[in-house]
Amino acid sequence: MKVGIYPGSFDPITNGHLDIIKRGAKVFDELIVGVLVNVDKKGLLEIEERVELIKKVTKDIPNVRVQSFTGLLVDCMKETKASVILKGLRAVSDFEYEFQMALMNNKLDPEVETVFMMTSAEYSYLSSSAVKQVAKFGGCIEGLVPDEVIPIVINKIKAK
Ligand code: PNS
């Protein structure tokens, strides 16, 4: 059984992330969405909120599992029996950072492979940070994130 892991901060999940999850679920027997608990960086959404939202928007994909993790991704992979890291690539600008991470993860555990999926063209400009910035200044985030995510992001930003 081939288990893949799609790691990220998902603060919040975007339609670009969801696109990779849907396509990744067709490639792996099981796909784990790994939500990083970053102790150094307080995000907009709490980790539990991010996990719940991803669970909600992936509920119809039976081979997708969502969980949070702390520490090294390779350690989470050992625990979850995942052997492949799935990452989305939007543009050449993503490459350097992703290349470095792929090499580091492979150095930490030579059994670990990273595979890259090209983000669908319609989402190539999308990022969680851009969504938060647009929402912060009152712009419309419809179509950028799943519908369930919109009120949560807007309310969180208002409450800040
Ligand atoms: O969505 P992001 O913030 O770009 O995701 C980054 C993530 C979570 C994939 C990366 O920061 C990560 O894997 N962190 C876990 C710590 C780790 O394993 N570091 C070693 C690889 S450089």
Quick one: length gained pulling Ile61 to Glu79 fully straight, 0.36 nm per residue minus the C-alpha distance? 4.3 nm
Please give the helix 149-159 orientation as an angle from the longest Cα principal axis of the chain, in degrees from 0 to 90, rounded to the nearest 10. 60 degrees
Using the beta-carbon distance between Phe116 and Leu72 and R0 = 22 Å, what value does 1/(1 + (r/R0)^6) give for FRET efficiency, to the nearest 0.05? 0.65
Dipole-positive endmost among Thr58, Cys140, Val112 within the chain (Cβ charges, Cα centre): Cys140
Could you sort the peptides 76-86, 10-20 by per-residue average Cβ neighbour count (10 Å cutoff), highest mean leading? 10-20, 76-86
The relative contact order of the chain, taking Cα pairs under 8 Å that sit 6 or more residues apart, comes to a percentage of 30 percent
Fully extended contour minus Cα-Cα distance, from Asp94 to Ala159, at 0.36 nm per residue: 20.2 nm
Taking a probe of 1.4 Å, how large is the accessible area per residue of the chain, in Å²? 57 Å²
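The values are calculated or read from the model by the stated rules, or taken from the named source; none is laboratory data. What you see is a predicted model; the values in this text were computed from it and never measured. When we count neighbours, we look across all protein chains shown, and the Cβ atoms used for this are built from the backbone with ideal geometry, even at glycine. When the accessible area is computed, the model is the full protein with side chains, heavy atoms only, and any ligands, DNA or RNA have been set aside. Shrake-Rupley method; radii C 1.70, N 1.55, O 1.52, S 1.80 Å.
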